[in-house]
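Visitor: Quick one: the structure is below, and I'll ask about it shortly.
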Amino acid sequence: MCGIVGYIGYEQAAPFLLKGLEKLQYRGYDSAGVCTNDDGKLVVQKEKGKLDELKNVTDDGKNIKGTVGIGHTRWATHGKPSEINAHPHLSESGSFAVVHNGIIENYMPLKQFLTEKGMSFRSMTDTEVVVQLLEYYYEGDLLGTVLKVAAMLEGSYALAIMYKGNADEIIAVRKGSPLVIGIGKEENYLASDIPAILEKTRNIYRLENGEVAVIRRDSVQIMDYDRNPVQKSIERINWDIHAAQKDGYEHFMLKEIFEQPKAVRDTVETRIKNGRVVLEEVTLTPEQIRQFQKINIVACGSAYHVGVVAKYIFERILRKPVEVDVASEFKYRDPIIDSKTLTVVISQSGETADTKEAMLEAKRHGSHTIAIVNVVGSAIACEADDVIYTLAGPEIAVATTKAYSAQLAVIYMMAVCFGDILGTISETDYQTYVTELLALPDKIQSILAQSESLKNIASKMFACKDAFFIGRNIDYALSLEGSLKLKEISYIHSEAYAAGELKHGTISLIEEGTLVIALVTYGNLFDKIASNIKEVQTRGAYVLGIGSEEHPELRNITQSSFLIPKTCNMMLPSLAVIPMQLLAYYMAKFKGCDIDTPRNLAKSVTVE
Ligand code: G6P
């Protein structure tokens, strides 16, 4: 997500800040800015778009004076990408500057409080309340004011703060989002991630949650929110820059697989209030929701696979017919839709041309469109009637993982929220769904903790030429994604098949040693798929079963197996997809493939 840098020393700050921001570009961003203290005045320069814009207007930072400063790359969450929404943010009178990484969840009541006190806001961001609170409460004690304001904030944040009357300190606070402090000689640094400061120093302190740092030219003081000093030993960094950008993971894909608990947690937690799912982004009234006769879903690639899962979920829970289309097919098949059809559009990038065209076609027919999008301010997000953002953070690997998981989480929330409005779910089920939604991140984490066992399974299978993913019901929907993941990064030919349909043709391809991955998480159909497993084994297949710990007998009917924790039927895909992602990743790794940028593929396909 966003990136923070800071510098305090005797050199000009801005050129270093811009170089540091360059190293944080991998986090994804849509605008950037810097602020320095020039002789008691806070000077801010921000630009929308690429860092080059900011470098050009500032001559690589050379025309911004000052030896203390903070910088930021912003990946929009609250408010579209724009110069006004870019950080650093200044308080109303220009006395404080703040950069922020994270989300201030209670920014709305805080903003209301400050507005009632007469303060006015320039941006749409959650961050601006922080800088305004600092100005509102400041009475001469800088650190005390920061601590007072930090205690008022809910959510996650890494903050770097400057006050115009004090050019000798930057104050940094951390709760949730990462921050490291670099130790130099007569100068010190601050960053969201080590690459930003690695050219200057290899000696760092990691700020932990609930800690605050007062960073001066010749000292760094770290304490907790009660001002108790925290003793830390200096950590010496030995890795190269490239590895550090991936947080030590070998590939972005693996890093993103491991970021899934956070992606799901961020997407879900901000939308559950007092035990209820609240989708504030949906502008439809309950009456309008009740009037829809049909739901139409359009998307491409993995997002389409989320749509197929959604069909099973929406039909079961909302009792409305659902049609799912590959977006590139939708427009040209003369679809039957009108204002009684709700259209759900799913896209990580929000830029996929086929998906955008399909959405516009739906709008032309008078259908209300809800887009589930990851990239704020993207084309689909701008054109849709309503946007529900997944808070997965920037996804860099071409093969999607965490965005898929975050999209599923939104589908569950829509099912629960709309089911409540339509009266198609009981209050007991509602409570169960909310409990399970909140438990998902930890359950995903528990599967990730077993990645070594999937690596071991992959080591035995990576040489296979063909693979078949089979499943029934929601497991079939999920098998589509498992198969795509494997083929796109490992180049192993792979097909997904409805387990019951296999015998009507494709079973002719099963021979001695063919790899079959059987998804058996949907317990209601355990016996049926057990028969399909027998059918392929009889013809020589090697079967890896992925099932639920509620059915440990899967171990007895497959050559290899992996069991996921128990959850409600609707949310099984969120858990079962994790072993399939890890399997695909490790098979591709054993084959020596270019995992993050597979041949012929693009992250965002902006042509039809
Ligand atoms: C490309 C990517 C896929 C992705 C699809 C849809 O083909 O390689 O991983 O699922 O586009 O992308 P979107 O950004 O619309 O989700």
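The values are calculated or read from the model by the stated rules, or taken from the named source; none is laboratory data. Here the structure is a predicted model, which is why all the values come from computation and not from measurement. Counting neighbours? That spans all protein chains shown, and the Cβs are built from the backbone with ideal geometry, glycine included. Side chains included, ligands, DNA and RNA excluded: accessible areas come from the protein's heavy atoms. Shrake-Rupley method; radii C 1.70, N 1.55, O 1.52, S 1.80 Å.
Visitor: Quick check, is ASP52 over 12 Å from GLY71 (Cβ atoms) and in contact (Cβ under 8 Å) with a residue 12 or more places away in the chain? Spell out the reasoning first.
Guide: Numbers: over 12 Å from GLY71 (Cβ atoms): yes; in contact (Cβ under 8 Å) with a residue 12 or more places away in the chain: no.
No: the conditions fail for ASP52.
Visitor: I need a count of the residues in segment 341-378 that are open to solvent by 20 Å² or more (accessible area, probe 1.4 Å) and under 17 Å from GLY79 (Cβ atoms).
Guide: Qualifying residue count, segment 341-378: 2.
Visitor: Which count do you get for residues in segment 478-495 that are β-branched (Val, Ile, Thr) and crowded, with 23+ Cβ neighbours inside 10 Å?
Guide: Total meeting the criteria: 1.
Visitor: Moving on. Of the residues ILE470, ILE529, ILE578, ILE533, only one is of a type outside the set (Ser, Thr, Tyr), open to solvent by less than 10 Å² (accessible area, probe 1.4 Å) and closer than 19 Å to TYR404 by Cβ; which?
Guide: Going through ILE470, ILE529, ILE578, ILE533 in turn, the sole match is ILE578.
Visitor: Of the residues that make up segment 293-311, is at least one among the basic types (Lys, Arg), surrounded by 14 or more Cβ atoms within 10 Å (Cβ to Cβ), touching a strand residue (DSSP E or B) at 6+ places or on another chain (Cβ under 8 Å) and part of a loop (DSSP other than H, G, I, E, B)?
Guide: No, that holds for no residue.
Visitor: Picking from LEU544, LEU563, LEU554, LEU583, which residue would you name as being more than 16 Å from the ligand (Cβ to nearest atom) and either closer than 22 Å to ILE411 by Cβ or touching a helix residue (DSSP H, G or I) at 6+ places or on another chain (Cβ under 6 Å) (or both)?
Guide: LEU583
Visitor: Do you know which residues across segment 312-327 are in a helix (DSSP H, G or I) and open to solvent by 20 Å² or more (accessible area, probe 1.4 Å)?
Guide: Across segment 312-327, the qualifying residues are TYR312, GLU315, ARG316.
Visitor: Residue check: is GLY513 without any contact (Cβ under 8 Å) to a residue 60 or more places away in the chain and among the small types (Gly, Ala, Ser)?
Guide: On the way: without any contact (Cβ under 8 Å) to a residue 60 or more places away in the chain: yes; among the small types (Gly, Ala, Ser): yes.
So GLY513 fits the description; yes.
Visitor: Separate question: Out of everything in segment 590-604 that is open to solvent by less than 70 Å² (accessible area, probe 1.4 Å) and either within 10 Å of the ligand (Cβ to nearest atom) or outside any loop (DSSP other than H, G, I, E, B) (or both), what residue ends up being modelled with the highest pLDDT?
Guide: Checking each candidate, the answer is PRO598.
Each row is one residue, and each column tells you yes or no for (1) touching a Phe, Trp or Tyr at 6+ places or on another chain (Cβ under 8 Å); (2) modelled with pLDDT under 95; (3) open to solvent by less than 10 Å² (accessible area, probe 1.4 Å); (4) not in a loop (DSSP other than H, G, I, E, B).
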position	(1), (2), (3), (4)
VAL5	yes, no, yes, yes
ALA14	no, no, yes, yes
GLY33	no, no, yes, yes
GLN45	no, no, no, yes
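Conditions tested, residue by residue: (1) touching a helix residue (DSSP H, G or I) at 6+ places or on another chain (Cβ under 7 Å); (2) of a type in the set (Gly, Ala, Ser); (3) more than 24 Å from ASN85 (Cβ to Cβ).
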site: THR341; (1), (2), (3): no, no, yes
site: GLU351; (1), (2), (3): yes, no, no
site: THR355; (1), (2), (3): yes, no, yes
site: HIS365; (1), (2), (3): no, no, yes
site: VAL387; (1), (2), (3): yes, no, no
site: ALA392; (1), (2), (3): yes, yes, no
